[in-house]
1. To the nearest 20 Debye, how big is the dipole of region 199-322 about its Cα centre, given +1 on the beta carbon of each Lys and Arg and -1 on that of each Asp and Glu?
2. Rounded, prolate or oblate, given the Cα gyration tensor of region 130-217, with a/c below 1.5 counting as rounded?
3. Shape call for region 297-370 from the C-alpha gyration tensor, a ≥ b ≥ c root eigenvalues: rounded (a/c under 1.5), prolate (a/b greater than b/c) or oblate?
4. Which order, highest average first, do 93-101, 325-333 follow once you tally other Cβ atoms within 10 Å for each residue and take the mean per peptide?
5. Would you kindly state how much longer the chain becomes between ARG151 and ARG286 on full extension, computed as 0.36 nm times their sequence separation minus their alpha carbon distance, in nm to one decimal?
6. Convert each backbone phi in region 267-272 into a coupling constant with the Karplus relation 6.51 cos²θ - 1.76 cosθ + 1.60 (shift: θ = phi - 60°), then list the ³J(HN,Hα) values in order as whole Hz, x for Gly and Pro.
7. How big is the C-alpha Rg of region 250-312 next to the rule-of-thumb value 2.2 N^0.38 Å, as a ratio?
8. Using only Cα atoms, locate the centre of region 186-206 and the centre of region 296-329, then give the distance between them in Å, rounded to an integer.
Amino acid sequence: MHLIKSLLILLLLSFPVSAQDSAAQPTGTIEVEDSAQQDAAIAVRLRDILSELEGYDDVTVTVSSGIVSLRGTALDGDAIARLGELVSRVDGVVTIENEVKETTDVVQRLNPAIERFVTRIKQAVAFIPLALVALAVFALIVFAGFALARRKQLWDGLAPNAFIADIYRQIIRVATIIAAIVVALDIVGATALLSTILGAAGIIGLAIGFAVRDTVENFIASILLSMRQPFRPNDLIEIAGDVGKVIRLTSRATILLSLDGNHIRIPNATVFKSRIINYTRNKSRRVTFDQTVDAGKGLKQQRRVVLETVKALPFALETPSPNVWIESADADKATLRVSLWVDQRESDVFLARGEAIRIVREALLEAAKKPAASAKRKAQKEEVENVGTEETAELERMIESERGETEAGDLLNRDAMEE
């Protein structure tokens with residue numbers, strides 16, 4: 001029973017009530033003299049005002065001793081509040097008894113909504129020609145921008161490679177769309193909407209940037225590497241301890257072919273931040289190795305034998321010239337450091353090093369048996385085995401074959417300026 005009473009009380013409280021408590025009240029000084037003529041003037045003035053306003057047809061006004069009594073119905077609570085504020089502004093009003101209630105008539109409540117709907121339809125119809133003009137201007141700007149972006153020869157001529165050229169084209173497209181939106185919104189007078197759109201796009205872009213930070217980092221590194229071109233296809237390079245020949249540079253990774261024939265894929269962000277050693281950029285490459293000799297058999301003589309032997313090697317370059325020096329020595333043994341330069345485009349560096357070690361060792365053994373034989377090493381070039389670049393050429397053929405299959409995805413350009 002108590003529950004039912006409570007529900008009834010809440011239901012009664014939910015019905016529209018008088019706005020007496022919330023209505024604005026006059027704050028001026030109350031006059032001592034009472035004037036019936038003034039009351040009549042106040043009533044007439046308020047009735048004239050309400051007759052000109054929409055939504056107050058059912059409101060009645062009575063004035064006695066400056067006290068204004070309002071009765072009837074209005075459309076909603078806002079209308080009742082506005083009525084109280086209006087009456088409080090009339091000169092001579094002492095207080096307001098606002099007993100106006102919200103109307104429950106369905107027709108009266110729906111009529112304003114229907115009128116607003118009809119008004120908006122009329123505004124939309126009147127807005128159509130201007131919207132069509134804005135749409136036409138938008139389409140024209142976008143068409144012109146995309147036509148400019150499609151001029152392949154123009155952007156290929158400005159960019160160092162196809163990847164950068166494609167980025168230029170994408171920038172033109174995006175800039176064209178933004179410009180078209182700005183112009184179209186300016187035509188329809190809605191430029192304030194642009195700041196909202198750009199703000200939302202910036203927040204979304206920031207969130208996406210954090211989510212795909214590694215991808216964005218690799219993409220930016222790809223752009224910088226494609227502009228700098230620190231290596232070329234088939235170059236033998238070392239990156240973060242990985243050694244191999246360059247197959248291609250993609251928008252995400254640098255792909256190498258190791259000397260064992262294995263593929264190595266290194267993210268471009270790692271490549272850009274790592275120390276890159278390019279073994280191919282200079283055609284001349286130094287080969288060094290250590291040779292252990294007997295310290296008690298004349299280091300000077302043995303050094304001379306090794307130096308003459310190395311100079312006589314057919315694959316050793318005259319400039320820079322070979323050299324031999326004592327790296328370390330003790331009572332029994334000494335270590336000679338042997339240095340020579342080879343043309344790595346004609347000689348395989350590893351084969352040349354191995355062959356030089358073999359011939360130097362044989363020359364030292366022969367000199368130990370017959371010291372005079374060291375002078376004859378220059379005439380023994382026919383004993384040197386082949387140290388050509390057949391293995392390197394085979395690796396290069398493998399790389400060219402792979403590059404031919406997916407050349408379009410490569411960011412390296414053989415004709416670009418070297419870093």
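1. The dipole of region 199-322 has a size of about 360 debye.
2. oblate
3. prolate
4. In decreasing order of mean packing, 93-101, 325-333 become 93-101, 325-333.
5. 43.8 nm
6. Rounded to whole hertz, the list is x, 5, 4, 5, 4, 5.
7. Region 250-312 yields a ratio of 1.95.
8. Answer, in whole Å: 75.
The values are calculated or read from the model by the stated rules, or taken from the named source; none is laboratory data. Keep in mind that this is a model prediction, so the values were computed, not measured. We place every Cβ from the backbone using ideal geometry, glycine too, and count neighbours over all the protein chains shown. All accessible areas refer to the heavy atoms of the entire protein, side chains included, with ligands and DNA or RNA removed. Shrake-Rupley method; radii C 1.70, N 1.55, O 1.52, S 1.80 Å.
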